[in-house]
1. Which residues, counting only those in the range 260-276, are over 9 Å from GLY347 (Cβ atoms) and part of a strand (DSSP E or B)?
2. Might you let me know whether the range 211-219 holds any residue that is outside any loop (DSSP other than H, G, I, E, B) and not polar (S, T, N, Q)?
3. If you take the residues of the range 171-194 that are within 23 Å of SER330 (Cβ to Cβ) and in a strand (DSSP E or B), which of them is most open to solvent (accessible area, probe 1.4 Å)?
4. Would you be able to say whether some residue in the range 223-241 is closer than 19 Å to GLY163 by Cβ, touching a residue at least 12 places away in the same chain (Cβ under 8 Å) and not aromatic (Phe, Trp, Tyr)?
5. Among the residues of the range 371-399, count how many are open to solvent by 40 Å² or more (accessible area, probe 1.4 Å), touching a residue at least 60 places away in the same chain (Cβ under 8 Å) and over 27 Å from the mean Cα position of the chain (by Cα).
6. Looking only at the range 243-265, filter to residues that are over 30 Å from the mean Cα position of the chain (by Cα) and of a type in the set (Lys, Arg); which one of those is least open to solvent (accessible area, probe 1.4 Å)?
7. Looking only at the range 400-408, decide whether some residue is of a type in the set (A, V, I, L, M, F, W, C), farther than 30 Å from ALA197 by Cα, at pLDDT 95 or above and open to solvent by 20 Å² or more (accessible area, probe 1.4 Å).
8. Restricted to the range 79-95, and to residues that are modelled with pLDDT of 95 or more and open to solvent by 30 Å² or more (accessible area, probe 1.4 Å), which residue is nearest to the chain's Cα centre (by Cα)?
Amino acid sequence: MTNSKRRRGLMAASALLGGVLVLSACSGGSDSSSSGGGNDSSQAKADEAAAKKSSAAEITISPKDGSDNASINNSAGVAVAKGTLTSVTMTTASGTAVAGQLSADRKSWKPTVQLERSTTYKVSAEAKDSAGLVAHENASFTTVSPSNSFIGNFTPEDGSTVGVGMPVSINFDKAITDKAAVQKGITVTSSSGQEIAGHWFNANRLDFRPEKYWTENSTVTLKLALDGVQGASGVYGVQQKTVTFHIGRNQVSYVDAQTKQMKVTQDGKTIKTIPISAGSPENKTYQGQMVMMEKFKETRMNGATVGFTDDDGKGEYDIKDVPHAIRLTSSGTFIHGNYWGAKSVFGSVNTSHGCVGLSDTKGADDPGTPAAWFYNHSIVGDVVVVSNTGDKTVSPDNGFSDWNMDWTQWKAGSAA
């Protein structure tokens, strides 16, 4: 076969194949002519569907699909432009529903509960535009893990009433390296208008206090705006919280280990004088300003827990029902009732292992004892000032003994 004949044969085959391809692409699989374009053909249906307009509603889900380390507070939400939301569902990966609420104008949706850490959530949203055309959007994201987040455990509790000496104390569950960023996310204010400053005792503890004790009957507000704040490399805050507490009457008690008396004052006036027994010469009581941390009508005190042991390793004392006990330091200093000592001890001899003892009866049921009176007239946050013991001043970070640091030193420990 000549080259010209071969070329003519290939052109004819190409034309035939092209015709088959065209026919195959346009055929509706019916008896209709290839040029007919009847209303029932697939092509007509496709053209009709293509002619329809899609919904103008634009749904946005936050965080973006596939996000991780998402906030448990403010990141989740759905919004729509050029339309209104008709339904939103949010569930955990296991299918547990998350409660939420649409805005009044149906333009946005937010969960009404705090999300959990290290949890994957799925969001499905539907919206309509003004023409009634429907739009859909779906996304999933995972919240920040405990290993990549920090929280601050704070004192005092929201809504509580405390004494004038109670600082705002925050203990973080991770060491903070960017103290300035974290402190910037925390504000403490008082209705009294007192200047308040923060002080970092270490990488985990940040306290706030005014120069002098809180003004009685004032209200203190703590705001934690730590959501998303980077406290250390790869570690972010998750708290978004406002706490308020009330300052009660101004009660400060003065323990004098030399006279062995305690004067209880309110608003600067002595309301009662109580005989006491402080630490013995071998086990002196700390000096300085201490703040009541917690109260127990009865508690167990075992010397082994604070280093007072016999040769056998057991505690020098183990009293299972110490009455009317009020903790003053983290290291174990208490002011408490004493039923086992002679009544003549109080006001005359210092005999304790470092605590301040008041006369009491076993069982803590006699309201007429000095210890019971003091316990019933005291609240967490009240101040006890101890002097003339011959011991060192208690460390400011031992319990809430912040007031043993002068104002200049205190402010020097701020990162703000």
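The values are calculated or read from the model by the stated rules, or taken from the named source; none is laboratory data. Just so you know, these numbers come straight off a predicted model, no measurement behind them. So basically every Cβ, Gly included, is an ideal-geometry build from the backbone, and we count neighbours across all protein chains shown. What goes into the accessible areas is simple: the full protein's heavy atoms, side chains included, and nothing from ligands, DNA or RNA. Shrake-Rupley method; radii C 1.70, N 1.55, O 1.52, S 1.80 Å.
1. As a first pass, look at the range 260-276 and keep what is over 9 Å from GLY347 (Cβ atoms): 262-273.
Within the range 260-276, MET262, LYS263, VAL264, THR265, GLN266, LYS269, THR270, ILE271, LYS272, THR273 qualify.
2. Restricting attention to the range 211-219, the residues satisfying the condition of being outside any loop (DSSP other than H, G, I, E, B) are 219.
Subset that is not polar (S, T, N, Q): none.
No - not one qualifying residue is present in the range 211-219.
3. The residue in question is ASN171.
4. Restricting attention to the range 223-241, the residues satisfying the condition of being closer than 19 Å to GLY163 by Cβ are none.
There is no residue in the range 223-241 that is closer than 19 Å to GLY163 by Cβ, touching a residue at least 12 places away in the same chain (Cβ under 8 Å) and not aromatic (Phe, Trp, Tyr).
5. Summing the residues that are open to solvent by 40 Å² or more (accessible area, probe 1.4 Å), touching a residue at least 60 places away in the same chain (Cβ under 8 Å) and over 27 Å from the mean Cα position of the chain (by Cα) in the range 371-399 gives 8.
6. Step by step, filter the range 243-265, then rank; the result is LYS260.
7. Restricting attention to the range 400-408, the residues satisfying the condition of being of a type in the set (A, V, I, L, M, F, W, C) are 400, 403, 405, 407.
Next, from what is left, pick out any that are farther than 30 Å from ALA197 by Cα: none.
Within the range 400-408, not a single residue is of a type in the set (A, V, I, L, M, F, W, C), farther than 30 Å from ALA197 by Cα, at pLDDT 95 or above and open to solvent by 20 Å² or more (accessible area, probe 1.4 Å).
8. As a first pass, look at the range 79-95 and keep what is modelled with pLDDT of 95 or more: 79-92.
Still in the running and open to solvent by 30 Å² or more (accessible area, probe 1.4 Å): 79, 81-82, 84, 86-87, 89, 91.
Working: ALA79: 28, ALA81: 34, LYS82: 38, THR84: 35, THR86: 34, SER87: 32, THR89: 27, THR91: 24 Å.
This residue is THR91.
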